[in-house]
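Reading through the structure tokens given below for one structure.
The values are calculated or read from the model by the stated rules, or taken from the named source; none is laboratory data. Computed from a predicted structure; not experimentally measured. Cβ: placed from backbone, ideal geometry, glycine included. Neighbour counts: every protein chain shown.
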Amino acid sequence: MTYSEAIEYINDIPKFTKKNTPEHTKEFLRRLGNPQDELKVIHVAGTNGKGSVCSYIDMILRAEGKTVGLALSPHLVKMNERIVINGRMVSDEKFLEVFHIVLEKVGEMVEQGLPHPTFFEFLFGMVVLAFARAHVEYAVLETGLGGRLDATNCVRHPICSAIASIGLDHMQYLGNTLEQIAGEKAGILKPGVPAFYIEGTEETDRVIERRAGELEIPCRKVGKNAFEILEIAEKHIAFSCINAYYEDVTWKLCNTGIYQVENAMLALEVMREVLGEDGHPQLWRRALEEGGLPGRMEEVLPGVYIDGAHNISAIERFVESVAEDTGGIGILFSAVEDKDYEDMIACLCQHVNADFYVVTHIEDKRAADTEKLAETFSRYTDKPVLVQESLRRAWDYALSRREGRTIYCLGSLYLVGMVKAMIEEDS
């Protein structure tokens with residue numbers, strides 16, 4: 001197969017398979033030679049922020065001179081983004097190499113009557129195989145959906161587990177309460193593996209601590225008092241750590257989302273555990289200050305930001321970050337049908353002083369109807385709400401009203417990916 005045929009094959013997988021059991025995934029990995037067992041795995045779950053935590057860990061490890069594999073999902077523009085080695089996504093040739101190996105093993109499984117791996121499971125096999133073939137020392141793995149039953153949870157012996165913030169999302173799969181969702185996320189904790197998590201509600205904290213107690217593993221909470229935000233500037237956030245280990249220094253993130261500070265703190269605590277006395281915090285500081293996060297409050301043009309906020313808890317965090325912006329705001333928005341987009345829209349309208357909203361269509365079968373989105377906006381705001389089915393027209397309109405304003409594009413990761421692809425095409 002060619003590269004484009006391989007991508008087409010992977011994208012077609014949902015048409016002929018369903019979610020498999022962990023035992024099936026373990027058998028799939030066994031047939032690949034259990035490549036995950038060759039890696040020092042850092043496993044990260046959470047509703048929001050887990051990709052950012054993974055990226056910060058990757059930055060720090062590479063600053064220390066380590067060879068690192070980073071596995072994030074979903075991809076924004078190109079599927080190769082899911083397999084990053086030493087800061088670079090794999091080439092089409094390397095992607096195709098591991099694809100053919102995985103495809104051969106999957107073919108043998110299907111011939112013997114075993115189910116085909118799902119889209120995510122197939123790609124996870126490619127990820128760990130690519131990392132093992134590249135002889136990376138560390139593999140930073142972001143869970144896909146949940147944690148307990150996620151394909152990544154078939155890694156038997158990670159060196160550290162981390163749980164980012166927990167919120168209401170994917171409730172049809174993970175449960176209708178924060179406690180139930182926390183239980184699924186805490187499913188990645190394992191005997192003998194130290195765990196770290198970001199402080200949430202009393203209920204979610206209790207679920208994680210209880211699971212850690214059952215496993216008799218050390219479990220450290222990154223509390224809201226673990227850091228102090230010193231400055232929120234146009235291009236960065238400065239903060240200090242309330243811990244003598246980091247000394248009296250100012251840390252900076254190349255990002256304007258205040259929620260990223262707790263994600264960075266979680267990454268720092270994981271690195272303290274993993275690297276111990278061999279770590280060099282002065283290198284970590286430089287890495288965080290210089291490292292950007294694609295799709296996370298990312299400035300793609302002057303005064304134009306894309307953000308992957310796509311559920312109510314993420315929208316609430318976005319609102320915290322832009323609440324002080326008094327210079328004028330425009331919102332470009334879209335969402336998928338199975339998200340609680342009314343709560344998302346209500347939160348935006350009630351807490352962001354936007355001058356206008358542009359609603360557009362995303363290229364996905366789950367895309368929410370744009371007229372329904374616009375009607376929802378109109379119930380919560382008296383500001384102009386424009387519907388543009390074409391992303392190009394929506395984008396051009398938002399940019400035409402950029403003077404003196406900041407434009408934010410959010411509501412769906414699909415929208416973020418489409419905007420990034422459009423910008424790359426234009427350039």
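Odds and ends about this structure:
- Selection of the stretch 188-212 for residues being in contact (Cβ under 8 Å) with a residue 60 or more places away in the chain and within 17 Å of Gly175 (Cβ to Cβ) yields only Ile188.
- A single member of Gly125, Gly187 is small (Gly, Ala, Ser), under 22 Å from Leu72 (Cβ atoms), buried (at least 21 other Cβ atoms within 10 Å of the Cβ) and not assigned by TED's automatic domain parsing to the domain that holds Tyr341, and it is Gly125.
- Qualifying residue in the stretch 55-70 (condition: touching a residue at least 24 places away in the same chain (Cβ under 8 Å) and surrounded by fewer than 17 Cβ atoms within 10 Å (Cβ to Cβ)): yes
- For the stretch 62-108, the set of residues classified as among the aliphatic types (A, V, I, L, M) and within 15 Å of Tyr9 (Cβ to Cβ) consists of Met79, Leu96, Val98, Ile101, Val102, Leu103, Val106, listed by residue number.
- So Arg156, is it over 21 Å from the mean Cα position of the chain (by Cα), modelled with pLDDT under 95 and assigned by TED's automatic domain parsing to the domain that holds Val102: yes
- For the stretch 186-245, a residue qualifies if it is in contact with a strand residue (DSSP E or B) (Cβ under 7 Å, 6 or more places away or on another chain), of a type in the set (Asp, Glu) and closer than 30 Å to Gly303 by Cα, and the qualifying residues are Glu228, Glu231.
- Among residues of the stretch 110-133 that are without any contact (Cβ under 8 Å) to a residue 60 or more places away in the chain, those with a Cβ under 6 angstrom from a residue that is assigned to a loop (DSSP other than H, G, I, E, B) and among the small types (Gly, Ala, Ser), sequence gap 6+ or separate chain, pair up as Phe120/Gly144.
- Meets criteria (over 23 Å from the mean Cα position of the chain (by Cα), surrounded by fewer than 18 Cβ atoms within 10 Å (Cβ to Cβ) and modelled with pLDDT under 95) for Thr2: no
- First in the stretch 213-240 and touching a residue at least 12 places away in the same chain (Cβ under 8 Å) and within 25 Å of Ile188 (Cβ to Cβ), second anywhere and in a loop (DSSP other than H, G, I, E, B) and among the acidic types (Asp, Glu), Cβ under 9 Å, 6 or more apart: Lys221/Glu199; Val222/Glu199; Gly223/Glu199; Lys224/Glu199; Ala226/Glu199
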